[in-house]
1. Residue 138 fails exactly one of the following numbered conditions: (1) without any contact (Cβ under 8 Å) to a residue 40 or more places away in the chain; (2) surrounded by 14 or more Cβ atoms within 10 Å (Cβ to Cβ); (3) in a helix (DSSP H, G or I). What is the number of that condition?
2. Can you pull out the residues in region 40-54 that are surrounded by fewer than 22 Cβ atoms within 10 Å (Cβ to Cβ) and either farther than 24 Å from residue 129 by Cβ or at pLDDT 95 or above (or both)?
3. Of all residues in region 63-92, how many are under 19 Å from residue 116 (Cβ atoms), surrounded by fewer than 19 Cβ atoms within 10 Å (Cβ to Cβ) and either modelled with pLDDT of 95 or more or touching a helix residue (DSSP H, G or I) at 6+ places or on another chain (Cβ under 8 Å) (or both)?
4. If you take the residues in region 12-26 that are modelled with pLDDT of 70 or more and surrounded by fewer than 19 Cβ atoms within 10 Å (Cβ to Cβ), which one is farthest from residue 69 (Cα to Cα)?
5. How many residues, within region 63-87, are over 22 Å from residue 31 (Cα atoms) and touching a strand residue (DSSP E or B) at 6+ places or on another chain (Cβ under 8 Å)?
């Protein structure tokens, strides 16, 4: 699988475009910058956008090819991002570091989510926010049009997201139809889920 992503990220055309994900853009604009983490960040479009808004950005991916492309793009637009190569299943984050963690189209097996997600929650500050956009199970009918996994186990429903993040206070959760226009691999009609959850303040 790593070879698959290395090859995709090595293509001349950016896999998911240069512009940030729409939900990333909508969520971050107008907010006071803080610390933010983008796991599985690919070629850096979201991390770079956040850095341009003044956020202190950490990002990682297990593809060194993705990291190089991201850092090259960041240098071109003269912003700084801290981007490291990391396997999600071995991720041990600093505790209570981030104001926001953004999961953008990260599709993992349930048993992998049970390892990775608790680590992310440790890294959130009290009152910190986890934001997510991903494909729903109904995306299977659109997978040939706008991308996403062909394995239903890697896709989401509202109930799955609520269970995965039951330790967060739900701020927003919606399954919706949309039209993607993100590079050449996310284009066309799609079924997605968006979620915002807040970590409870320390008592």
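The values are calculated or read from the model by the stated rules, or taken from the named source; none is laboratory data. Predicted model, so just to flag it, every value in this text is computed and none were measured. Ideal geometry is used to build each Cβ from the backbone, glycine not excepted, and the neighbour counts take in all protein chains shown.
1. (1)
2. Residues satisfying the conditions are 52, 53, 54.
3. 5
4. Going through the qualifying residues, I end up with 26.
5. Residues meeting the conditions: 9.
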